[in-house]
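Values quoted throughout were computed directly from the atomic coordinates according to the rules given, and no laboratory measurement underlies them. The model shown is predicted, which means the values in this text are computed figures rather than measured ones. Every residue, glycine as well, gets a Cβ built from its backbone with ideal geometry; the counts of neighbours run over all protein chains shown.
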Amino acid sequence: MKPLPLGVLLLLWLFSPLAQAYCFAAAGARYHIDPLLLQAIGIHESHLNQRAIGVNKSKSGQILSRDLGVMQINSGHIPELQRLGIINSVDDLLDNPCLNVQVGAWILAQDFHRCGVSWQCLGSYNASSPAIGLQYAKEIWAIYRRLLGQQVPE
């Protein structure tokens, strides 16, 4: 199957849940992760808002990092993504939702490789603290179960 041109994907993303599904399916296939799990993360992280920006602050209010786009890619990943030639700037993660989903899947695949495919490991996508990560995983699990229930039987 020939991939759709980037401009077409961006327009479809704005107007079609099918295009969003395509982005999650493509990323899932590439990194061997259930697309519905990736979609559950996107729903939790940004409500599928490609322009979402989260700000992480210290207790004193100092900005520590930012989370960007659909999958809320942490700005700590920016230098590596630039070094690898995946992005030129932060705007790439906000302007290209399919790229953002691909990067999120890549990060999750690295986490799974490091600590195993488990719900506890999934929590490391969001938090370094095991307790916070486990709560995060429970929230993703609830969304994932809801998405599974919405699937049309084949």
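Considering only alpha-carbon pairs that sit under 8 angstrom and 6 or more positions apart, the relative contact order computed for the chain is 20 percent.
Residue-normalised convex hull volume from the C-alpha trace of segment 12-148: 112 Å³ per residue.
In plain terms, the residue of C23, C115, C121, C98 with the fewest other Cβ atoms within 10 Å comes first and the most crowded comes last, giving C115, C121, C98, C23. In plain terms, the chain from C115 to L148 could stretch by 9.4 nm, reckoned as 0.36 nm per residue minus the Cα-Cα distance.
Dividing the helix sum by the residues of the chain, where each DSSP H run of 4 or more adds -39500 (n - 2.57), gives a mean residue ellipticity at 222 nm of -18500 deg cm²/dmol. Between D95 and R30, the modelled label-to-label distance comes to 1.8 nm, taking each label 7 Å out from Cα in the direction of the beta carbon. Taking the number of Cβ atoms within 10 Å of each Cβ as an exposure proxy, the fewest-first ranking of V70, V103 is V103, V70.
Dipole check for the chain: with +1 at the C-beta of Lys and Arg, -1 at the C-beta of Asp and Glu, and the Cα centre as origin, the magnitude is about 220 Debye.
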